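These notes concern the structure reproduced below.
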Amino acid sequence: MDRGMLPLAITLLLAIYSFVPTTGLAERVYCNLQPVDPTRGEVTYTTSQVSEGCTAQVTNATHEVHVLFLTFPKVSQLELTLQASKQNGTGTREVFLVLVSNETVLVKLQAPEIPLHLARDPNKTIFPDEREVSITPLPSLTSRKQILDWAAKRSAITSVAALDNPKSIVLQLGQASSAPPYCLAEANHDMGLTLEWQPWDSQVQGCSFEEESRHRHKEAYILRILPGSAAAAARPRTVTVNVELSCASGDPDAILILQGPPYVSWLINANHNMQFWTTGEYSIKIFPEKTIKGFVLPDTPQGLIGEARKLNASKIASFAEVSLASEVSLRASSCGGVPQTTPAPVLTTPPKDSCNPGLLMSLIQPKCGNDVMTLTLSKKHVQTLQCAITALTFWDPRCQAEDSDDHLVLSSTYSSCGMKVTAHVVSNEVIIIFPSGSPPLRKKVQCVDLVSFSFQLGLYLSPHFLQESSTIELGQQGFVQVSMSPSTSEVTVQLDSCHLDLGPEGDMVELIQSRAAKGSCVSLLSPSPDGDPRFSFLLRVYMVPTPTAGTLSCNVALQPSTSSQEVYKTVSMRLNIVSPDLSGKGLILPYVLGITFGAFLIGALLTAALWYIYSHTREYPKPPTHPYSHSEALHTTPGQAQRSLW
């Protein structure tokens with residue numbers, strides 16, 4: 001080729017190349033995605049993907065231990081459902097559930113007929129509906145590892161999950177058959193059938209193609225499913241997509257674009273006719289047996305927007321990226337027009353109905369002590385709930401809350417502000433006043449004055465409860481009584497839980513859980529004449545070396561006769577554990593039976609050994625040797641035989 005023609009050829013090639021699509025090299029930005037007004041577009045989904053978690057199949061476990069780490073951007077609400085799975089006709093085991101939250105959350109709990117024990121921080125997790133569940137205060141631990149180590153003392157952990165801004169959680173009880181024997185938390189974990197949850201919101205974005213929007217009105221709804229963990233990719237799954245459009249004038253001119261990992265197929269349920277453009281395979285709910293093969297689509301936001309433009313869309317009405325989900329619901333309040341994107345943040349007055357009275361009232365929890373009732377309300381929580389409060393008072397309006405830094409503090413002695421005081425219960429009414437036009441909220445509050453009570457844990461060695469002891473022998477039965485002084489009919493005392501801690505190198509023996517005896521060695525006894533709760537237990541320890549001391553602790557529930565709210569008090573005592581001394585007393589039955597059985601077993605083994613030796617070493621007598629053969633003896637004449645005998 002002539003060298004003079006070379007620059008002309010290169011220029012021609014570059015000109016031709018400029019008309020070739022360059023999707024693989026760089027994606028063109030067709031429109032700038034902006035948040036959509038939540039009233040015009042919403043995407044919700046249910047997923048089993050968590051930011052961190054694990055599941056385990058714990059063998060020989062008497063109860064399940066589940067730990068939930070909850071993270072919220074502000075004060076929130078949560079629906080928590082526990083579902084029991086009965087396998088092979090067996091009942092549900094006792095559940096120990098640990099709830100850890102970074103913000104105050106109002107929990108609506110549903111756990112029908114499930115023996116549940118909750119560990120929580122009462123200042124962070126609030127249950128407005130009182131339930132008959134056992135409560136353990138969560139200790140002041142700073143790291144997740146410390147909390148997991150503390151929970152593992154109950155039993156090996158069945159599941160752990162960390163959730164970001166959850167709206168609802170469904171925890172399926174019963175162990176997954178394919179889970180490993182130990183629960184080791186890992187990032188981006190798929191909880192499978194053990195846990196499914198729904199976040200509060202998923203950011204929905206939209207934009208318009210300015211040059212096309214003037215000539216046509218076709219909407220595109222794009223949903224992108226993000227890849228899950230490596231374990232999630234091991235099994236195919238179907239994502240149900242529900243599309244609900246509010247269109248006043250018939251079916252819209254719209255297209256639904258669904259993009260996900262290769263192992264995802266789709267089941268579409270739409271209330272309007274529209275065009276479908278998906279990866280993998282999809283089917284329509286009204287014809288679920290008919291499967292339609294999809295297309296290869298880009299796996300980036302701008303790539304999918306470009307795909308919508310190729311399909312003649314004039315705007316992106318909804319674009320959302322969600323975690324690997326089992327079900328996704330897409331709702332739009334209208335069809336057609338320009339997507340209403342959220343403008344720049346502007347200070348506005350929140351709507352009057354934005355304040356949640358139930359959640360606001362649940363934040364009011366009284367504390368009593370030193371002849372003073374005190375209520376503390378966080379101003380940050382009130383602001384997050386978008387509640388406007390003008391005053392917080394007791395029944396006497398002259399007693400108003402004081403502004404103390406970040407809190408509103410309402411306090412009064414027992415002798416003022418309309419307090420109703422009995423021997424051990426203090427009650428009043430709290431009133432929250434809003435700006436003009438809104439009626440005030442009222443809540444009756446009361447608490448037990450724990451300072452007026454003293455508690456004692458006593459160990460006795462006979463069922464007559466006559467003389468206390470701090471020493472118990474192995475194999476001996478102990479009788480325990482929790483005494484409250486002074487005794488009163490205003491407060492009911494119940495044993496919520498008890499355990500025996502045998503030290504850092506020993507076990508923690510559960511005696512009572514959820515107000516029920518644990519095992520056949522523990523029995524709940526009738527209360528004392530004064531109403532003090534009692535129980536007995538048989539001390540059996542199979543450890544080497546044998547422990548010499550332990551700590552017996554009981555969590556006591558106190559309930560006023562006029563309220564369903566309970567207050568908890570922990571009482572403990574130190575026990576000395578000794579081995580039985582057989583020299584100065586008669587043998588007790590377990591040792592007599594043990595010695596007898598041991599002697600019998602040794603005798604039987606010794607007899608068998610001697611018989612074995614005898615049978616393998618004795619010599620049998622040899623038959624006599626005759627001077628004639630056997631054949632000769634058969635042919636001997638009678639005379640010869642007679643001579644030989646004589």
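Within segment 349-482, the ratio Rg/Rh, alpha carbon atoms throughout and Rh by Kirkwood, equals 1.24.
Taking amide H as placed 1.01 Å from N in the peptide plane, Phe276 has its amide H under 5 Å from the amide H of Leu256, each at least 5 places away in sequence or on another chain. Here segment 472-518 and segment 43-72 have alpha carbon centers that stand 31 Å from each other. Share of carbon and sulfur in the accessible area of segment 281-330 stands at 54%, probe radius 1.4 Å. Ranked by solvent-accessible area (1.4 Å probe, protein heavy atoms only, all chains present), the residues His464, His117 order from largest to smallest as His464, His117. Placing a pseudo-label 7 Å from each Cα along the Cα-to-Cβ vector at Thr240 and Ala152 gives an inter-label distance of 3.8 nm.
The length gained on full extension between Thr422 and Asn102, counted as 0.36 nm times the residue separation minus their Cα-Cα distance, comes to 111.5 nm.
Hey, could you get me the Stokes-Einstein D for segment 519-558, Kirkwood radius over alpha-carbon pairs, 20 °C and 1.002 mPa s, rounded to whole µm² s⁻¹? My calculation gives 167 µm²/s for D. Residues in segment 451-515 average 47 Å² of solvent-accessible surface per residue, probe 1.4 Å, ligands and nucleic acids excluded. Annotation for segment 269-337: GluC sites (Glu not before Pro) lying in DSSP loop with at most 13 further Cβ atoms inside 10 Å of their Cβ do not exist.
Against the criterion of solvent-accessible heavy-atom surface with a 1.4 angstrom probe, Arg154, Arg144 sort, most first, into Arg144, Arg154. Listed cross-link partners Lys124/Lys145; Lys167/Lys218; Lys218/Lys293 are compared with a 22 Å cut-off, the Cα-Cα value being larger for Lys167/Lys218; Lys218/Lys293.
Scanning residues 5 or more positions from Glu103 or on other chains, those with amide H under 5 Å from its amide H are Phe72, with H placed 1.01 Å from N in the peptide plane. Karplus-derived 3J(HN,Hα) values for segment 321-328, using 6.51 cos²θ - 1.76 cosθ + 1.60 with θ = phi - 60°, are 10, 10, 5, 4, 10, 9, 8, 10 Hz; glycine and proline are entered as x. Protein-only accessible surface at a 1.4 angstrom probe places the residues Cys498, Cys399 in the order Cys399, Cys498, largest first. Coupling constants for segment 67-74 follow from the phi torsions by the Karplus curve (6.51 cos²θ - 1.76 cosθ + 1.60, θ = phi - 60°), and in residue order they are 10, 10, 9, 10, 10, 10, x, 7 Hz; glycine and proline get x. Amide H to amide H distances under 5 Å link Ile222 with Ile257, Ser318, Phe319, Ala320, where only residues 5 or more positions off or on other chains count and H is placed in the peptide plane.
The values are calculated or read from the model by the stated rules, or taken from the named source; none is laboratory data. Since this is a predicted model, take the numbers as computed values, not measurements. Backbone-built Cβ (ideal geometry, glycine too); neighbour counts: all protein chains shown. These accessible areas exclude ligands, DNA and RNA; they are computed on the full protein's heavy atoms, side chains included. Shrake-Rupley method; radii C 1.70, N 1.55, O 1.52, S 1.80 Å.
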